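Engineer: Right, I'll just put the structure down here and ask away after.
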Amino acid sequence: MPEAVRKQINYMVVCVNEFARAKALHPRIAFQYLYRHKGIDFLKVHYEVEHTLSIEDAVEDLDIICKNNGGNL
């Protein structure tokens, strides 16, 4: 697996876990929520910018994206 892909996956795992912690969810439930409401897609598309921000900013961005796509957490 290319190093760039590995870094992106690791970043996404951290974001999902931090989102889960912030919302008091099990990481599996957080992933399902983020996937359903386009948060995972957002991280894939905007990785180059998002990974330069703090994890707190990324979690906040994920919250906004998911709410804009029907999420209600």
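FYI, it's all coordinate maths here, none of it is from the lab. Predicted model only: the values in this text are computed from it and were never measured. Cβ sites come from the backbone with ideal geometry, for glycine too, and all protein chains shown count toward neighbours.
Engineer: Straight-line reach from LYS23: which aspartates and glutamates fall under 12 Å, measuring Cα to Cα and dropping same-chain residues less than 8 apart?
Structural biologist: Cross-link targets: GLU60, ASP63.
Engineer: Which order do LEU62, LEU53, LEU25 fall in if you start with the one that has the fewest other Cβ atoms within 10 Å?
Structural biologist: Arranged by neighbour count, lowest to highest, LEU62, LEU53, LEU25 become LEU53, LEU25, LEU62.
Engineer: Let me have the 222 nm mean residue ellipticity of the chain computed from DSSP H runs of 4+ only, each contributing -39500 (n - 2.57), with the sum over all residues rounded to the nearest 500.
Structural biologist: The helix-only estimate for the chain comes to -23500 deg cm²/dmol at 222 nm.
Engineer: Which of the lysines could be linked to LYS7 by a straight reach, that is with a Cα gap under 22 Å, when you skip same-chain ones fewer than 8 residues away?
Structural biologist: LYS38, LYS44
Engineer: What is the magnitude of the charge dipole of the chain about its Cα centre, with +1 placed on the Cβ of each Lys and Arg, -1 on the Cβ of each Asp and Glu, and no other charges, expressed in debye to the nearest 20?
Structural biologist: So the dipole magnitude of the chain works out to roughly 400 debye.
Engineer: With angles folded into 0 to 90 degrees, how steeply does helix 3-23 sit against the dominant principal axis of the chain? Use alpha carbons for both and round to 10.
Structural biologist: 20 degrees
Engineer: Can I ask one more? What angle do you read, to the nearest 10 degrees and between 0 and 90, between the alpha-carbon axis of helix 55-68 and the longest principal axis of the chain?
Structural biologist: 50 degrees
Engineer: Hey, could you get me the Stokes-Einstein D for the chain, Kirkwood radius over alpha-carbon pairs, 10 °C and 1.306 mPa s, rounded to whole µm² s⁻¹?
Structural biologist: 132 µm²/s
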